[in-house]
Every structure is written in C-alpha cells, then in structure tokens.
Amino acid sequence: MWIEEYATNLTFLTGPKLLGRYLTPETKTTIQNKAAELRGIATDVRRARNSRVWTFSIPREYPIKFIENRNRFQVDISGTIKGNDDSIEKVGTLLRVWSLNKNICYREGIDSKEAKTLFDQTKRRVIVRFHFDRREEKATKPEPIYHMQVGGVAHMEENCWFPNLEIPRLQFPPMDIILLSELVLVNFFHDDSRDLREKPEWKSLVIKSQKAFQNQYFDDFHSYINCETDTILGKLISV
C-alpha cells in the first residue's frame, strides 16, 4: 500500500546517512512516532469494509525541526495529508523560517517594544512563513488549485514579521514533507548537503514523493500549456 511505503520513507528519511544530521533530536522521535501512526492508518484502511477517509498530520506545534544553520536561521515544517483508502486527496504544508540573530529579529525604529520583549523571552522570531496548500472546495476567490501563500495566520509566539497576507496565492505544485526537506537542504544547507543530495537513496525518496504528490499536477499543467483558448493561470483558477 502507498500509505505503508510512505511511512517507511519517513522513517528512512531520519537515518544518520540521510537527513538525520540536519534534524534536532526531538524531531527524529517525532517522525518515528508519526511513521508508526501512519502504519496504523494503513492497517485501518486495509481492514475497512467500506471506503475509508483518513487524515495524517504533523502539527505546527510539534513540527519537523532542522538544526540552526551557519547564518543562524532555523527552519521547521509541518503539514497534513488527507486521503481516501490508499489514495491522496489533499496535501497542505507549512514552512517557517526562524531567525536566532537579534540584529535581524529586532529592527530599531520599525518593530514595537512588544516585539523586542517577546524576542528577549524566546530568543527567536519567524522571519517568513510559506503555506503550500490546495484550494478549498467552497473557495470564492480566484486562486490556483495548488498554490503557495506567503504569510498566513501566525501564532503569537512566532512574533512574525509579516501580518496575515491572504494574497497573493501563487501557482505552485503540491509539496509534502520529503519534498520540503529537499527544498530546505538546497536553500539553507546547500554546500553541506551537496553529497547527500547526490546519493541514489536520497534521490529515490524525493522521486517517490514527486510521483505520489505531483504527477497529476504536472500532467494537468502540461495539458494547460497546450491549450489554445485560455492561459495557464486562467485554467488553474477555473478548474
């Protein structure tokens, strides 16, 4: 089953030869527990006599947290997958970039005293957050089916630079935890992770997620490119 394979991929992801050295110790435990939860979902799906709808979530309160990089940035990712039986219906993820550098986190003359007080307490601040999400079925605004949004509704403890920005929502393919992990390595550990990203076992994990989460998106995208009566964005917001 796809669900079981994905649980195995998450477990493999945290190994010392792959992503393990870039994750905080508590994150490794979180992923192991979540992989076990996903195997439980797979068992329930297999035993169900009727169609089984399920949700798998890594909440932002307990995210997959990367170690601090050389520039004192720390990234975490969280997200939710919704499925029916052994198929994926929706995936949504969140990537937050925290800074631990006071010179960046508090901007004299721009930030409030409250922002400085909160940073003094937590020693970190969310510089930017990215949502990778699917359009809601009842959405009334014109937005791409899958899109990226900068900002979103922040928690108070994030002390976020940006307010809740509802727009723009930019066309973007679906992103799961593994695909976002590759994005983090490329952007925040580029030189250090070069050898890892060339390993066949790492590429295999990423390719499996590409196929599971992005195949349909790019198949549709290709047909939109060949459309003679509408633009790509026009198709993405109308389908």
* Are any residues in the range 208-239 within 19 Å of the chain's Cα centre (by Cα), open to solvent by 60 Å² or more (accessible area, probe 1.4 Å) and touching a residue at least 24 places away in the same chain (Cβ under 8 Å), and if so, which ones? -> Lys208, Gln210, Phe218
* **Matching entry among Thr43, Thr29, Thr8, Thr14 (being touching a strand residue (DSSP E or B) at 6+ places or on another chain (Cβ under 9 Å) and of a type in the set (S, T, N, Q))** => Thr14
* Restricting attention to the range 11-42, report how many residues are over 17 Å from Gly83 (Cα atoms) and open to solvent by less than 10 Å² (accessible area, probe 1.4 Å). => 8
* **Candidate set: the range 74-101, residues that are open to solvent by 50 Å² or more (accessible area, probe 1.4 Å) and either under 26 Å from Ser193 (Cα atoms) or assigned to a loop (DSSP other than H, G, I, E, B) (or both); chosen: the one modelled with the highest pLDDT** => Asp85
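Results for (1) polar (S, T, N, Q); (2) modelled with pLDDT under 95; (3) under 29 Å from Pro59 (Cβ atoms), shown as yes or no for each residue.
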| residue | (1), (2), (3) |
| --- | --- |
| Gln149 | yes, yes, yes |
| Gly152 | no, yes, yes |
| His155 | no, yes, yes |
| Arg169 | no, yes, yes |
| Ser181 | yes, no, yes |
| Tyr217 | no, yes, yes |
| Glu228 | no, yes, no |
| Thr231 | yes, yes, no |
| Lys235 | no, yes, no |
* Structure fact -> Screening Leu180, Leu205, Leu185 for residues that are part of a helix (DSSP H, G or I), over 30 Å from Tyr106 (Cβ atoms), of a type outside the set (D, E, K, R) and open to solvent by less than 70 Å² (accessible area, probe 1.4 Å) leaves only Leu205
* To do: Please go through the range 136-165 and pick out each residue that is out of contact with any strand residue (DSSP E or B) (no Cβ under 7 Å at 6 or more places or on another chain) and within 30 Å of Gly234 (Cβ to Cβ).
  => Glu136, Glu137, Lys138, Ala139, Thr140, Lys141, Pro142, Val153, Pro163, Asn164
* Structure fact -> The condition of being of a type outside the set (Phe, Trp, Tyr), part of a loop (DSSP other than H, G, I, E, B) and at pLDDT 95 or above holds, among Asn50, Asn69, only for Asn69
* Can you name the number of the only condition in (1) closer than 22 Å to Ala7 by Cβ; (2) open to solvent by 80 Å² or more (accessible area, probe 1.4 Å); (3) within 21 Å of the chain's Cα centre (by Cα) that Pro174 fails? -> (2)
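The values are calculated or read from the model by the stated rules, or taken from the named source; none is laboratory data. If you're wondering where the values come from, they're calculated on a predicted model, not measured in any experiment. Cβ sites come from the backbone with ideal geometry, for glycine too, and all protein chains shown count toward neighbours. Ligands, DNA and RNA are excluded from the accessible area calculation, which covers all protein heavy atoms including side chains. Shrake-Rupley method; radii C 1.70, N 1.55, O 1.52, S 1.80 Å.
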